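This report concerns only the one structure given below.
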Amino acid sequence: MLPTRTTLYDLDREAFGELLDGEPRYRLDQLWSGLYEQLSDPADITNLPKKLRERLDRELPGALRPVTESVSDSGDTVKFLWELEGGSRVETVLMLYSERATVCVSSQAGCAMACGFCATGQAGFTRHPTVGEIVEQVVRAAQRAGDRRVSNIVFMGMGEPMANLDRVWAATERIHGDIGLSARHITISTVGLVPGITALRDKPLPVNLAVSLHAANDALRDELVPINRRYPIDALIEACADYLEVKNRRVSFEWAMIDGVNDRRSDAEELAALCRRLRPSAHVNLIPLNPTPGYPTTGTPLKRVHEFRDLLEELGTNATVRQNRGTDIDAACGQLAAGQPVVLSTKS
């Protein structure tokens, strides 16, 4: 159930114009610039009159209530835990580099896709965030980044973006058009919801598409990614091919390396064969499996991860090994659970 109150980033420019009816016209420009160019809270937009700032603070509160902020030992990864109206929680991850930053955004509170090796899927689904709740994650993380410019947004946090695509897309347009981030630096991920990929294909901005693949045959993928039973691999690859043809943007396959499950030579050969069906070939991101309490199977040792990458490249597939960041604060891929307990799996 969506929240009943309107919060600061729920309103688009037209709605703010109505709210400011009676104010000089330039006030809207000042407010919009303060919120989306300076990434300031209303109280800090000093070219607005004090009474107007107080009114905005009173009538349009922020949607995200801070619960905790965790910083990795290296200091380069920050995880925010937010509480939404109604008690649902989401997490946002900020990854800091020398002069820039990436924000990993949650598109749902929890997730209904039930991928067993993912802590978010183990914790279950509570609700869809609003457009404002999604946009505010980016703004709060960008404020925390300070002088480091946010250069990339990835919808790879909690949830399945395609299951909340209307709000994810409205937030993407706000991030692109108002915060000013190029569509080529925005990535929307999916575990394989084919209708969502088709809908994204027809959207106007050429964002990047990332598919959490993890297996290249239906029998194994049915087990690892249950939505595959509804949208099997052939349908998924066809949708990706259509996306490539229309958008001319690289499709990437995410592959969590699970020891003895999807890290064999036969897995590499099947994956390379799938990649060859896309022109140009898909890029593969290999992700050493991060530990979660609900999935006892361990990740592939790093040496074998690199060997798997080398084998893929020998087979003509471009592949990279993703650097895990924030594992010590449960902020890495597959670890976001918003502080919720997970159900221990009995699978071996």
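Could you compute Rg(Cα) / (2.2 N^0.38 Å) for the range 201-248, with N its residue count? Walk me through the numbers before you get to the answer.
Numbers: Rg = 12.0 Å, N = 48, 2.2 N^0.38 = 9.6 Å.
Expressed relative to 2.2 N^0.38 Å, the Cα Rg reads 1.26.
Across every pair of different alpha-carbon atoms, what Kirkwood hydrodynamic radius in Å does the range 227-294 reach?
That comes to 13.3 Å for the range 227-294.
Provide the gained length on full extension for the span Arg279 to Asp178, in nm with one decimal, where the gain is 0.36 nm per separating residue minus the Cα-Cα distance.
Taking Arg279 through Asp178 to full extension adds about 33.1 nm, to one decimal.
In terms of solvent-accessible area of protein heavy atoms at a 1.4 angstrom probe, what is the ranking of Thr298, Thr7, highest value first?
The ranking, largest first, comes out as Thr298, Thr7.
Would you calculate the separation in nanometres between label points at Asn318 and Glu54, each defined as 7 Å from the Cα along the Cα-to-beta-carbon direction?
Once both label points are built, they end up 5.7 nm from each other.
Could you tell me the extents of the range 158-241's C-alpha atoms along the three principal axes, largest first, rounded to whole Å?
If we take the Cα atoms of the range 158-241, the spans are 44, 25, 18 Å.
Could you tell me the accessible area of Trp169 in Å² (1.4 Å probe, neighbours in place), rounded to the nearest ten?
Answer for Trp169: close to 10 Å² accessible.
Between Glu245 and Asp44, what FRET efficiency comes out of the Förster formula 1/(1 + (r/R0)^6) with R0 = 35 Å and r the beta carbon distance, rounded to 0.05?
Between Asp44 and Glu245 the formula returns 0.15.
As I understand it, the value is the acute angle between the Cα axis of helix 50-59 and the longest principal axis of the Cα atoms of the chain; what does it come to in degrees, rounded to 10?
Between helix and principal axis, roughly 50 degrees.
Need one number: % antiparallel among DSSP beta bridges in the chain, to the nearest 5. Don't skip to the answer; put the middle values down first.
Numbers: 21 of 46 bridges.
Bridges in the chain that DSSP calls antiparallel: roughly 45 percent.
Going highest first, how would you order 100-109, 13-22, 137-146 by mean Cβ packing within 10 Å?
The peptides rank, most packed first, as 100-109, 137-146, 13-22.
Which parts of the range 212-247 would a label at Glu269 reach, counting a residue when its backbone N lies under 20 Å from a point 7 Å out along Cα-to-Cβ?
214-221, 234
What residue among Leu81, Leu209, Leu315 has the largest mean-square fluctuation in a Gaussian network model of the chain, using Cα springs under 10 Å?
Residue with maximal mean-square fluctuation among Leu81, Leu209, Leu315: Leu315.
In a GNM of the chain with a 10 Å cut-off on Cα contacts, which of Tyr97, Tyr36, Tyr26 has the highest mean-square fluctuation?
In the Gaussian network model the winner is Tyr26.
Could you report the chain's accessible area per residue, 1.4 Å probe, as an integer in Å²?
With all protein chains present, the chain gives 44 Å² per residue.
Under the classification rounded if a/c is under 1.5, otherwise prolate if a/b is larger than b/c and oblate if not, where does the range 56-171 fall, given a ≥ b ≥ c as square roots of the Cα gyration tensor eigenvalues?
Values: a/c = 1.58, a/b = 1.18, b/c = 1.33.
It comes out oblate by the Cα gyration axes.
Over the chain, what number does the Rg to Rh ratio reach, with both radii from the alpha-carbon atoms and Rh per Kirkwood?
Reported Rg/Rh (Cα atoms, Kirkwood Rh): 0.99.
Please report the equivalent ellipsoid semi-axes of the range 1-101, computed as sqrt(5 x eigenvalue) of the Cα gyration tensor, largest first, in whole Å.
Largest first, the range 1-101 gives 29, 19, 11 Å.
Classify the range 106-209 as rounded, prolate or oblate from the Cα gyration tensor: take a ≥ b ≥ c as the square roots of its eigenvalues, call it rounded if a/c is under 1.5, otherwise prolate when a/b beats b/c and oblate if not.
It is oblate, given that a/c is not under 1.5 and a/b is not larger than b/c.
Roughly speaking, to the nearest percent, how much of the chain's 1.4 Å accessible area is carbon and sulfur?
Reported share for carbon and sulfur atoms: 48 percent.
I want the antiparallel fraction of DSSP beta bridges within the range 173-297, as a percent rounded to 5. Working shown, then result.
On the way: 1 of 15 bridges.
Percentage antiparallel, nearest 5: 5.
The values are calculated or read from the model by the stated rules, or taken from the named source; none is laboratory data. Computed from a prediction, not measured in an experiment: that's the story for all the values here. In this analysis, Cβ positions are derived from the backbone assuming ideal geometry, glycine residues included, and neighbour counts consider all displayed protein chains. These accessible areas exclude ligands, DNA and RNA; they are computed on the full protein's heavy atoms, side chains included. Shrake-Rupley method; radii C 1.70, N 1.55, O 1.52, S 1.80 Å.
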